[in-house]
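Asks: Here's a structure for you.
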Amino acid sequence: NAGVTQTPKFQVLKTGQSMTLQCAQDMNHNSMYWYRQDPGMGLRLIYYSASEGTTDKGEVPNGYNVSRLNKREFSLRLESAAPSQTSVYFCASSEALAGITDTQYFGPGTRLTVL
Amino acid sequence: KQEVTQIPAALSVPEGENLVLNCSFTDSAIYNLQWFRQDPGKGLTSLLLIQSSQREQTSGRLNASLDKSSGRSTLYIAASQPGDSATYLCAVSPFSGGYNKLIFGAGTRLAVHP
């Protein structure tokens, strides 16, 4: 049982390049989330998916797109990377049955640098 | 707009001390409050989750309290150990955000020295 896994662990991009961050969970969770963490700030929600086939914007969605490929996988895409997107990106999942708030489980993060 | 503040930003204590980390939030309309631990270069690990109807939760040497009306939570760590060194984050799940959408504080970086 690996929990939440993320690839890659580190990535360096040039401005304007694109890339996709991958996330998978093996806990049969319904909801999945993408956050970014910047120095001196708390984590901020980029996008989330309450269930397979649905996605919604969080606090800071601009410049990102997501895909909930199936119940296990939730990817985050940067179409044209900018230096302001340099950050550590975390994926999380939770069981999140309807009407119930519960614990989120986090992956180890992807450290992204945009030059 | 919900804002979460954690004080102090950093804390250094000798081993064995009992300590309190503080978290405040601006809007009391929340589903729950959670405390997480983050080790350097790692993801977050959930420590305690307090539902809005609860006043406190305990796990081992950790005790978290919630005073929703005053917008405050504290995390009490008893008999601190070097292994407790990490960043501690609190997060609230606000009514306005929908279920399970968390708003995080910036964290308290704790160092426990032998």
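The values are calculated or read from the model by the stated rules, or taken from the named source; none is laboratory data. In this text the structure is predicted, and so the values were computed from the model without any measurement. When we count neighbours, we look across all protein chains shown, and the Cβ atoms used for this are built from the backbone with ideal geometry, even at glycine. Please note that ligands, DNA and RNA were not included when accessible areas were found on the heavy atoms of the full protein model with its side chains. Shrake-Rupley method; radii C 1.70, N 1.55, O 1.52, S 1.80 Å.
Asks: Any residue at all in region B:49-65 that is under 10 Å from the mean Cα position of the chain (by Cα) and of a type in the set (G, A, S)?
Replies: yes
Asks: Out of all the residues in region A:19-53, which are assigned to a strand (DSSP E or B), small (G, A, S) and surrounded by fewer than 16 Cβ atoms within 10 Å (Cβ to Cβ)? Walk me through how you get there before you give the answer.
Replies: Filtering region A:19-53 for residues assigned to a strand (DSSP E or B) gives A:19-25, A:31-37, A:43-49.
Subsequent filtering for residues that are small (G, A, S) retains A:24, A:31, A:49.
Passing the criteria: none in range.
Asks: I've got another one for you. Does A:G58 satisfy the criteria of being under 20 Å from B:C90 (Cα atoms), open to solvent by less than 30 Å² (accessible area, probe 1.4 Å), within 11 Å of chain B (Cβ to nearest Cβ) and free of Cβ contacts under 8 Å to residues at least 40 places away in the same chain? Before the answer, list the steps.
Replies: Values: under 20 Å from B:C90 (Cα atoms): yes; open to solvent by less than 30 Å² (accessible area, probe 1.4 Å): yes; within 11 Å of chain B (Cβ to nearest Cβ): yes; free of Cβ contacts under 8 Å to residues at least 40 places away in the same chain: yes.
Considered against the rule, which asks whether it is under 20 Å from B:C90 (Cα atoms), open to solvent by less than 30 Å² (accessible area, probe 1.4 Å), within 11 Å of chain B (Cβ to nearest Cβ) and free of Cβ contacts under 8 Å to residues at least 40 places away in the same chain, A:G58 comes out as yes.
Asks: For region A:48-97, which positions are of a type in the set (F, W, Y) and modelled with pLDDT under 95? Break it down stepwise before answering.
Replies: Taking region A:48-97 as the starting set, the residues that turn out to be of a type in the set (F, W, Y) are A:48, A:64, A:74, A:89-90.
Scanning region A:48-97 gives a single hit, A:Y48.
Asks: Mind listing whichever residues of region B:30-43 are modelled with pLDDT of 90 or more and open to solvent by 10 Å² or more (accessible area, probe 1.4 Å)?
Replies: Answer for region B:30-43, where residues must be modelled with pLDDT of 90 or more and open to solvent by 10 Å² or more (accessible area, probe 1.4 Å): B:R37, B:Q38, B:D39.
Asks: Let me ask something additional. Mind listing whichever residues of region B:44-55 are out of contact with any strand residue (DSSP E or B) (no Cβ under 6 Å at 6 or more places or on another chain) and surrounded by 13 or more Cβ atoms within 10 Å (Cβ to Cβ)?
Replies: B:Q54
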